[in-house]
Amino acid sequence: MKSMFGRVLLAGAFAAAAGSAMAQESTNVVDVKSDWSVFTDENPKECWGVTAPKSTAATRDGTEVTVRRGEIQLFVTFRPGAGAAGEVSYTGGYPFAEKSTVTVAIDGTVYELFTDGEWAWPATPDADAQLLAAMKKGAEAVVTARSGRGTQTADTFSLRGFTAAMAEAEKRCQ
């Protein structure tokens, strides 16, 4: 099992790479599979698939609200040098409420992610594997979270192209 510190460092590296890659042309975009993009980096070797939500919603005390958020992305990462073989991560574009969890609903099954700052991950490699299997079979993932200000968010991500994107990312990081 990876340490929390290791996952936080890994997430920071991906945030920087994906944020700049999503915001501008980048040489490490290697493929696009429907709604998922595949990226690689060689130093250290890492590959990941990423997507942005198709829709977002925010509520506070049951009332729909408008909020400003940073980038909202769902990632799956392969990093052979660090033993990462399909790690799911999510950034909601805001700091999550302390000690809160994020949920991912796919085809009626809910998966729980733990949070740290603006990032969330499954707790174990087994939880990653279960979520990845569901993502490969599902059509969409609805990710719900709570901000430090008490806002509930629901982000809907398409899983169209997910399986092909993961096969491409994994192949490039063997």
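For segment 72-161, GluC sites (Glu not before Pro) meeting the loop criterion (DSSP other than H, G, I, E, B) and having at most 10 other Cβ atoms within 10 Å: GLU98.
Which value results when the Cα radius of gyration for segment 74-174 is divided by 2.2 N^0.38 Å? It is 1.06. Taking every lysine pair in segment 4-172 that is 8 or more places apart or spans two chains, those with Cα atoms closer than 22 Å amount to 10.
Placing +1 on the Cβ of every Lys and Arg and -1 on the Cβ of every Asp and Glu, with nothing else charged, gives segment 4-172 a dipole about its Cα centre of roughly 140 debye. Going from the residue with the fewest nearby Cβ atoms within 10 Å to the one with the most, VAL102, VAL110 rank VAL110, VAL102.
With the convex hull drawn around the C-alpha atoms of segment 4-172, the volume per residue stands at 107 Å³.
Every number in this text was worked out from the coordinates using simple rules, so none of it is lab data. Here the structure is a predicted model, which is why all the values come from computation and not from measurement. So basically every Cβ, Gly included, is an ideal-geometry build from the backbone, and we count neighbours across all protein chains shown.
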